[in-house]
1. Can you tell me which residues in the range 31-61 are hydroxyl-bearing (Ser, Thr, Tyr) and closer than 25 Å to residue 253 by Cβ?
2. Name every residue in the range 86-114 that is surrounded by 23 or more Cβ atoms within 10 Å (Cβ to Cβ), within 16 Å of ligand 1 (Cβ to nearest atom) and assigned to a helix (DSSP H, G or I), in order of residue number.
3. What's the number of the condition residue 132 fails, among (1) within 16 Å of ligand 1 (Cβ to nearest atom); (2) more than 24 Å from residue 69 (Cβ to Cβ); (3) crowded, with 24+ Cβ neighbours inside 10 Å?
4. Starting from residues that are outside any loop (DSSP other than H, G, I, E, B) and closer than 16 Å to residue 216 by Cα, keep the ones in the range 1-17 and report whichever is farthest from ligand 1 (Cβ to nearest atom).
5. Suppose we filter 248, 182, 232, 158 for residues that are among the hydrophobic types (A, V, I, L, M, F, W, C) and touching a residue at least 60 places away in the same chain (Cβ under 8 Å); which single one remains?
6. Among the residues of the range 56-78, write down those that are assigned to a loop (DSSP other than H, G, I, E, B) and crowded, with 21+ Cβ neighbours inside 10 Å.
7. Identify, by number, the condition in (1) within 29 Å of residue 84 (Cβ to Cβ); (2) assigned to a loop (DSSP other than H, G, I, E, B); (3) touching a Lys or Arg at 6+ places or on another chain (Cβ under 7 Å) that residue 245 doesn't meet.
Amino acid sequence: MTRIITIAMQKGGVGKTTTTINLAAALAEMGHRVLAVDLDPQGNLTQHAGFDPDQVSPTIYAAFKDEIDGYEGDVSQAIYETDETFHLLPSQPELSLIELSLINTLSRERVLETVLAPIREAYDYILIDCNPSLGLLVINALTAANSVIIPVQTEYLAARGAFMILSSIETVRRKNLNPNLAIEGILLTMADTRTTMTREVSTAVNTQYGDSIYIFNAVIKRSVRFSESAVAGQSILAYDPRSPGAEAYRQAAKEIERSV
Ligand SMILES: Nc1ncnc2c1ncn2[C@@H]1O[C@H](COP(=O)(O)OP(=O)(O)O)[C@@H](O)[C@H]1O
Ligand SMILES: [Mg+2]
């Protein structure tokens, strides 16, 4: 059974893309067949996986466009092997135009679900990286998914932003777009070991959401290794396999594996 997991949060710079690539790498390392999907027109995941969003073609943009225009597309043409053992469905800047064309599309929330349908069985995990918004692309990702991971930056008041994505999740369930959409959990990112802030935020998140939402035991600490690995076009597992960051994402991947 394929598990499709969307990584979403309307705020930028909270670790969505970093979480997507490193969970993809960690789940692949554990022997799973993994596809990472870049649903952000900025193409940060595409770049992080070693591709140039301005050069790579075709991308998920073509798959969306075919579906919107009523052609029978073949999304497998837009799936690439990375230097690591997971596959990538990349993005390109023109994907931002799709957000607009979707407005007048029939079943506009289900385009990604339809695009992924023919290839989903080829994977154990499909991870979808979202743009920082609550727009139609994100709604497509929530509609296509089995569950959602919400990265929350371990910073004062950052956790308050989680209620907005939670209300989008609730809307997707209630409108019957995806009544069974589960919340995989809240993942605390960019935690600073030197301050008590991390503990305070972690306690606050637990108090506010802990009763209803799983909070990953794995906490992703702040480390320059993450931005270095992004520049190198590698996951942190490939860039620095023994680093605490790599270990933390392996731990989070194990929690996902166990969570069914
Ligand atoms: N745990 C971390 N420690 C330090 N820097 C991080 C960490 N996680 C991500 N980053 C860096 O922070 C920036 C934003 O992260 P990113 O994953 O792109 O966030 P988002 O996709 O939510 O916008 C990137 O430059 C990334 O390399
Ligand atoms: Mg991103």
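Here, each number is a calculation from the coordinates, and none is a lab measurement. Nothing here was measured: the structure is a model prediction, and the numbers come from that model. Here the Cβ is made from the backbone with ideal geometry for all residues, glycine too, and neighbour counts use every protein chain on show.
1. Within the range 31-61, just 46 meets the criteria.
2. Matches in the range 86-114: 95 only.
3. Only one criterion is unmet by residue 132, namely (3).
4. 5
5. 158
6. 59
7. (2) is the only condition that residue 245 fails.
Okay, residues lined up against (1) surrounded by 18 or more Cβ atoms within 10 Å (Cβ to Cβ); (2) over 18 Å from the mean Cα position of the chain (by Cα); (3) assigned to a loop (DSSP other than H, G, I, E, B); (4) in contact (Cβ under 8 Å) with a residue 24 or more places away in the chain:
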site: 23; (1), (2), (3), (4): yes, no, no, yes
site: 28; (1), (2), (3), (4): yes, no, no, yes
site: 31; (1), (2), (3), (4): no, yes, yes, no
site: 38; (1), (2), (3), (4): yes, no, no, yes
site: 47; (1), (2), (3), (4): yes, no, no, yes
site: 51; (1), (2), (3), (4): yes, no, yes, yes
site: 54; (1), (2), (3), (4): no, yes, yes, yes
